[in-house]
Amino acid sequence: MWFWPFNNSPDWNRRQSQATPFASPYWFDAGSVRLNDSWRAFLIENAGIVQAFAERHFALYLQARNPNVPGVVNKLHAPSERQLRTAHQFWRLVREDFEKTGKLERFQDIYSERPLGTNFTIDHFLPWSFVVTQVVGKSMEPTIRDGAYCVFRTGVSGTRHSRILLVQKRDFTDPETGGGYTVKRYESTKSMADDGWRNERIRLVPDNPDRGVFPVLEFTPEDEADLRVIAEFVQMLNTPD
């Protein structure tokens, strides 16, 4: 830590913080943060060490809050290239299951709805920003069936109102499933503030109309920082009954 005699003058405090041989790494100047030149050079020279230190603690933070997610340390950076062999093997097994049940025509491209043959390309229907996950629970019926495998798109942008979203909130459990994630229709009430539009109320609304069993989840503006939108629902996959 760096200490010097307190003075009400920001400019005086700035000069004092930089006047000693052990100058502080930064100071505040008119609403901005300025780095000491020596510290800046040190951080640039040792950027790899600083980054590794930060990423290690970030990985520990994520792992502590996502104990059911394996290999968090391998998920800090997006892969530079896709390794699709395992994914291709998985979808070949899925195709074989459709064939065994006599429903091969239902193994199809989710966009064109055309049947896929034996030589299908994974990237054609599994883009980087799309994920497939199973949705458990009846709160979104009839839009999403209990246990259905659904396609979600990550990187949600634009207005979220009325869109079906996969949402995570810290210290929250879904009242139906008890999990830390929930799939609901996102609704928000906004008001105009000096710095732009601001949420007054956020509601996560089940499509199932039975409110006695599936209540609307309501949140205040103070909760917004803890609400993390993971992905947007695209469609439910056709699977054998």
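Of the residues making up region 162-178, those that are β-branched (Val, Ile, Thr) and modelled with pLDDT of 90 or more number 2.
Please verify whether region 103-110 includes one or more residues that are at pLDDT below 75 and either among the aliphatic types (A, V, I, L, M) or within 30 Å of Gly179 (Cα to Cα) (or both). Yes, the conditions are met somewhere in region 103-110. Being closer than 30 Å to Leu116 by Cα and surrounded by 18 or more Cβ atoms within 10 Å (Cβ to Cβ) holds for only one residue in Leu166, Leu204, and it is Leu166.
A Cβ distance below 8 Å, combined with a sequence gap of six or more or placement on separate chains, defines the contacts here; from region 215-233, residues that are outside any strand (DSSP E or B) reach residues that are of a type in the set (S, T, N, Q) in the pairs Pro221/Asn199; Glu224/Asn199.
Take region 207-240 and flag every residue that is surrounded by 14 or more Cβ atoms within 10 Å (Cβ to Cβ), farther than 19 Å from Ser162 by Cβ and among the polar types (S, T, N, Q). The answer is Asn238, Thr239. For region 34-65, the set of residues classified as open to solvent by less than 90 Å² (accessible area, probe 1.4 Å) and either touching an Asp or Glu at 6+ places or on another chain (Cβ under 9 Å) or part of a strand (DSSP E or B) (or both) consists of Leu35 only.
For every residue, the table says whether it meets (1) of a type outside the set (Ser, Thr, Tyr); (2) under 18 Å from Pro221 (Cβ atoms); (3) in contact with a strand residue (DSSP E or B) (Cβ under 7 Å, 6 or more places away or on another chain); (4) part of a loop (DSSP other than H, G, I, E, B).
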{"residue": "Glu99", "(1), (2), (3), (4)": "yes, no, no, no"}
{"residue": "Gly102", "(1), (2), (3), (4)": "yes, no, no, yes"}
{"residue": "Ile110", "(1), (2), (3), (4)": "yes, no, yes, yes"}
{"residue": "Gln134", "(1), (2), (3), (4)": "yes, no, yes, no"}
{"residue": "Arg198", "(1), (2), (3), (4)": "yes, yes, yes, no"}
{"residue": "Asp207", "(1), (2), (3), (4)": "yes, no, yes, yes"}
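Of the residues screened, Thr154 is not one that is β-branched (Val, Ile, Thr) and without any contact (Cβ under 8 Å) to a residue 40 or more places away in the chain. Restricting attention to region 155-176, which residues are hydrophobic (A, V, I, L, M, F, W, C) and in contact with a strand residue (DSSP E or B) (Cβ under 6 Å, 6 or more places away or on another chain)? Residues satisfying the conditions are Val156, Ile164, Leu165, Leu166, Val167. Filtered by the rule that a residue be open to solvent by 30 Å² or more (accessible area, probe 1.4 Å), in contact with a Gly (Cβ under 8 Å, 6 or more places away or on another chain) and under 18 Å from Glu141 (Cβ atoms), region 172-201 gives Glu176, Thr177. One residue stands out in region 66-102 among those that are surrounded by 13 or more Cβ atoms within 10 Å (Cβ to Cβ), within 29 Å of Gly179 (Cβ to Cβ) and not hydrophobic (A, V, I, L, M, F, W, C): the one that is modelled with the lowest pLDDT, namely Lys75. In region 190-203 there is no residue that is among the hydroxyl-bearing types (Ser, Thr, Tyr) and in contact (Cβ under 8 Å) with a residue 12 or more places away in the chain.
The values are calculated or read from the model by the stated rules, or taken from the named source; none is laboratory data. Given the structure is predicted, the values throughout are model-derived calculations rather than measurements. FYI the Cβ positions are ideal-geometry reconstructions off the backbone, even for glycines, and counts take in every protein chain you see. Calculation scope for accessible area: heavy atoms of the full protein, side chains included, ligands and nucleic acids excluded. Shrake-Rupley method; radii C 1.70, N 1.55, O 1.52, S 1.80 Å.
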